[in-house]
Amino acid sequence: MTYFNYSLDITNYSWRNAFLWGNFIGHCKKAGQGSLGNRIVHILIAAIELLPIISQISSIFEKLIIDNFSSSSSSKPQPLTAKQVSIGTSKKKHKAIPKLKVNNRQSILAIPKPENVDKKDVLKSVTISRVSKVSKGVYTAEGRTEKGENIYFGMELIDDTSREIWSDYSQAAYDLCMPNGILSRMVRFLDDENKLKDLQQRSGLSEEEFKSLTSQFRTRGLYRKGKLAKAISDILGGIFGFAITPNLSGAAASATYVAYISKKSITGPLSLPKIESNLKIFKEKYKDILMSVGVRLDDSKPLFENRGIFRNPFSVIEGGYSNIATQLHAFTGKVIKERVNQTLGGKEKLYMSVSPVYKMKDILVKKIGLERIKIEKDIPKELRTIKGGALEEQFLIQLEDLANLH
């Protein structure tokens, strides 16, 4: 939904986007859509928001205008409620979600678990083995996708070494997927032989390797007006939320763990050499990583928060291993339940908090059942987390339900 002719979707106007060129990226996308007049305006706005400092000032100004308008508008999107979600897994009406009265930690711990759940509403699309601890702060499990592909789960405690490795990975992925990154440019210029030749020379790939890559782009629909036209640029949203930089606060507070899915078994913390990256090096260096997410434990609340889930760009390009995001969330629940809670000394985690976007909201509802998820206003104040964007919706899922998704 837009509030002005030339504004972005209101969900784009977060502080993170304002500071990290998110609005610029949004206007770049709009510059290729609609009438000529609209395109020109979006191009001009994107040009203004490209330069450092100027971008932040103009993006903040734009956000404030939209926030002020949306707060007084009667057409402001409402939080997701039982009446607004259509679920195809069951024709039965969901029971109303009872409001929780939480005054202190003791009453939080006393919240009864819902009973008589309809098993038809909980889909089990993948298997996940019991969690094993393979080294200090590193937990693993094995699994299988809906199509029978073997996958391996890992969750490792962040220290100085792992922080550098995962920061390098997320930064390299960001560089490839940003508007001027080589993968985003390939999506835009897949039919421009001259531009592709220039990109090939910068990629580190041979002509034959690059030709094979462009063929994959065409097959997967990674081009203008293709079915996955936005798949590469959409990765940026997850990377923005993948916060592992120390000493940050609020919604961007540093994650405690990184959880991920790999094509090969995990026997310890991720260990990769630090080398300058181009497209070929990235593909080879990170070839086994499929998806990752930051896991933050909040000492002040009986919950943990998963934030910044994103696929390896080459996982998008190569295809396969579909519908694994909820399984990664489920794995984090199993680790917390089976391993981490035993180490927290009375501060056990009872819930996962997540702010899902777009299709992930419906997926979680279909997998778990709407009556077993607390959404936004139904969440007690003591269990609410700090938002990263004005229209983020917090989902609160009981640990038991999450760990039993598989």
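Every number in this text was worked out from the coordinates using simple rules, so none of it is lab data. For clarity, every value in this text was computed on a predicted model and none was experimentally measured. Because the Cβ atoms are built from the backbone with ideal geometry, glycine has one as well, and the counts that use them run over all protein chains shown.
Given segment 302-406, what percent of its DSSP beta bridges are antiparallel, to the nearest 5?
Working: 7 of 11 bridges.
Taking every DSSP beta bridge with both residues in segment 302-406, the antiparallel ones total about 65 percent.
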Original post:
Say the dipole of segment 199-275 comes from +1 at the beta carbon of Lys and Arg and -1 at that of Asp and Glu; which of Phe242, Ala231, Gln200 then lies farthest toward its positive end?
Top reply: Ala231
Subject >> Calculated FRET value between Lys136 and Met360, using beta carbons and R₀ = 35 Å, to 0.05 >> reply: 0.65
**OP:** For each pair in Lys195/Lys274; Lys230/Lys263; Lys147/Lys285; Lys133/Lys263, compute the distance between the two Cα atoms and list the pairs where it is over 21 Å.
**Re:** Lys195/Lys274; Lys230/Lys263; Lys147/Lys285
Subject >> Loop chymotrypsin sites (Phe, Trp or Tyr not before Pro), segment 264-368 (other Cβ atoms within 10 Å of the site Cβ: 10 or fewer; DSSP) >> reply: Tyr358
Subject >> Set of aspartates and glutamates with alpha-carbon distance to Lys197 below 15 Å, sequence-local pairs under 8 removed >> reply: Glu207, Glu208, Glu209
Original post:
Which of the pairs Lys136/Lys287; Lys227/Lys334; Lys280/Lys349 have their Cα atoms more than 32 Å apart in this structure?
Top reply: Lys227/Lys334; Lys280/Lys349
**OP:** Filter the trypsin sites (Lys or Arg not before Pro) in segment 199-301 to those in DSSP coil with at most 16 other Cβ atoms within 10 Å of their Cβ, and list the result.
**Re:** Arg224, Lys225, Lys227, Lys230, Lys263, Lys264, Lys274, Lys287
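What dipole magnitude, in Debye to the nearest 20, does segment 291-406 give about its Cα centre under +1 on Lys/Arg Cβ and -1 on Asp/Glu Cβ?
40
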